[in-house]
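Down below is the structure, laid out as structure tokens.
Quick note: the coordinates plus some simple rules give every number you see, no bench work behind them. This is a predicted model, so every value here is computed, not measured. No Cβ is skipped: glycine too gets one built from the backbone with ideal geometry, and neighbour counts run over all protein chains shown.
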Amino acid sequence: MFHGTPPAGSGIRSRCAVCAPGGVPASLDLQIPSLSKPISDCQPSRKSPPSWRAHAPAARALQKRNSRRDTTDEFRTLHSEVVRHMLTVSGESKKEIPVKTPSRKEPSMKRIRIATVCMFILGSAMGSPSAQHQEHGKSMQASTAKPTLAVPSSIQEEHKHLHHQLDQALAYGGETAASAKAVANVLLPHFEAEEAYAMPPLGLLEAIAQNQPLSGEQTREAIKMADQLRAHYGQMIHEHQEIHAALEALASAARKEHKQEPLAFAEGLMQHAQNEEQILYPATLLIGKYLRLRQSMGQGGDPNRTAAPAKP
């Protein structure tokens, strides 16, 4: 050891690495008498953080960058698996779909949301065409089916539902059942007349609107039914008035006995009769007029056929 002031050129400095740059490292436990205090006693100032704290921000930045790279790799793998699975399900495994590579600058949570949305869109895109194709096929079958001179299924179901509600009202007993029986006496014969000639021509309405050809028998029968409705039109409206009066009595009895189902039936049947008077009956009469006009022009059941020129 050196005592006193270190000799010139010896390379020994009188300060440690912490107290002054270029000094002896503080990790060396040296005792130099010439120094005012031992190097081991020279502790770093609280205002000057140790070297590992100085490097902490850089370490955190490096860890964050590595985490982003891992998230990007996971996203790419997930995206590729989703695309491969969807192509396999749709039978297009050989088809290549361009996949957009996500930017590394995007936050990790945003990438996860993008992956979730991507999965949902691909699943909908792969699954919906088959469902749409089936629905389109059903609609095409319905539109290209041979037109029938029959009561439309929607009206049949509505009449069936009204029959069921009437049976329920008859089973309630009391004044409600008595009023429901009066409704049945005028309603059931009216339904039979409607289904016999007032409603079947409506089964041809869709075919007429799409210019589909009709058979000669269908044309003649539809014209006959429309003429029959025109002949009995006043009677049908009068029956509606009788039905309406019976329904008013049923609704009053249902309110008095606090029975909601018969009351709803009475109100619904009134709306049904109004719909028939305002839409269904006039539509049947118009169908008869249109078919008769087409028949007089020599087109018969085919609206696309050119009428024969009149003889001089």
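Tabulated values for the structure
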read-out: Residue-wise HN-Hα coupling along the range 177-187, computed from phi with Karplus coefficients 6.51, -1.76, 1.60 (Hz; x: Gly, Pro); value: 5, 5, 5, 5, 5, 5, 5, 5, 5, 9, 7
read-out: Per-residue Cβ neighbour rank within 10 angstrom, fewest leading, 187, 250; value: 187, 250
read-out: Whole-Hz ³J(HN,Hα) from phi, Karplus 6.51 cos²θ - 1.76 cosθ + 1.60, for the range 265-270, glycine and proline x; value: 4, 4, 5, x, 5, 4
